[in-house]
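The values are calculated or read from the model by the stated rules, or taken from the named source; none is laboratory data. In this text, all values refer to a predicted model and were calculated from it rather than measured experimentally. When we count neighbours, we look across all protein chains shown, and the Cβ atoms used for this are built from the backbone with ideal geometry, even at glycine. Please note that ligands, DNA and RNA were not included when accessible areas were found on the heavy atoms of the full protein model with its side chains. Shrake-Rupley method; radii C 1.70, N 1.55, O 1.52, S 1.80 Å.
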Amino acid sequence: MMRLTEDQICSGTVTCTVGTEADGVERKETPEETPSLLDHLPLIHIDFDGDESQLRSQEDHACCSRNVMRKQRHWEKIVAAKKSKRRQEKETRKAKQCDAGADRQQHSKKFLKALTKERLLAAKVSGSRLCIDLSMTDHMSKKEISRLAAQIRRLYGSNKKATNPFWLYLTGFVEDGPLHDECVRMNDGFDRYLVESTEDGFLDLFPLEAIVYLTPDSDHVLEDLDPTKVYVLGGLVDESVRKKVTFQKAKANGLQTARLPIQEYMVKKENTKNFHSEILAINQVFDILCSYCETRSWPEALQAGVSPGKGFVLRDAILPENPR
């Protein structure tokens, strides 16, 4: 078998031992006798398929690696953003807790209670006065009495929060009567309310010229609050809606009356039930008075106290139709 060395292939010289002569001397073929190198090339087989598939596999692997790396970087950004957001939220909560802790230290519950008490007692000396006439409970059902007790609780709660609270009077308030028992049952700490309660009527406490009875049936509009007056609200919850009960009581005693300026600043709004009423609960009337004391604006006060269910809205809330 003939073997080619690298030097022979490069030099083009091929020496082949084809046999021996009879005398034992080897005979070598000359280059002219040696077949051309090209005649041997077909015998050389180079397999490129494995290399191409391997190269393609490497390229696919590199492409997949780039996609994986890109997705990994994108996911890392998302995770980092979430961590940063959680860190910020945690810092915000800590800051709020620190502020709340500082507020609690500066304004403890005991301190706030003492501050509220101080404001209410100051109103007793120099604040506006509001009286709730509770002498009409004899004609009310147990359900109506319960509703009145709830209204008293809300009214007192609003007065405690007010910047300039009223000094409150509960007149005609019979001790151990149905309304008193219901107030004690429904309102925690009712016996500690900073109000002046008495079984006497308001006519026994105040001069007639100082009393202004607030009733929706009055012909006089309440334009401003006079600190020298005592404003009286009728403590009446009447589901049968008997008209002019408080107005007739005020007129029978020759009292000055007034109504909230609902008609002057509000208009009736169309609704499916066509229901409109100026009769408000005593806590709603009180909220309007408190809001007016702070803002000196009847529109703002009425908007805060008149619920949408009464069918009234501020005049400015009714927008004109677009012209065609």
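For residue 232, the residues 5 or more places off, or on other chains, whose built amide H falls under 5 Å of its own are 131, 212, 213, 214. Applying 1/(1 + (r/R0)^6) with r as the Cβ-Cβ distance of residue 85 and residue 267 and R0 = 45 angstrom yields a FRET efficiency of 0.40. Protection proxy ranking, highest mean first, for peptides 246-259, 179-192, 284-297, 79-92: 284-297, 246-259, 179-192, 79-92, where packing is the per-residue count of other beta-carbon atoms within 10 Å, averaged. Which pairs, out of 96/124; 142/229; 109/229; 249/310; 94/161, put more than 31 Å between their alpha-carbon atoms? In this structure, 96/124; 142/229; 109/229 lie more than 31 Å apart at Cα. Here the accessible area is traced with a 1.4 Å probe on the protein chains. For region 156-297, carbon and sulfur cover 46 percent of it.
Computed over protein heavy atoms with a 1.4 Å probe, the accessible surface of region 167-324 works out to 58 Å² per residue. Couplings for region 153-158, taken from phi via the Karplus curve 6.51 cos²θ - 1.76 cosθ + 1.60 with θ = phi - 60°, read 4, 5, 4, 5, x, 5 Hz in order; Gly and Pro are left as x. Phi-derived couplings, Karplus 6.51 cos²θ - 1.76 cosθ + 1.60 at θ = phi - 60°, listed residue by residue for region 211-228: 9, 10, 8, 8, 9, x, 8, 6, 8, 9, 8, 7, 8, 7, 9, 9, x, 8 Hz, with x used for Gly and Pro. Think of each Lys and Arg Cβ as +1 and each Asp and Glu Cβ as -1; about the Cα centre, that makes the dipole of region 228-298 roughly 320 debye. Applying a threshold of 28 Å to the alpha-carbon distances of 243/268; 243/273; 244/268 flags no pair as lying beyond it.
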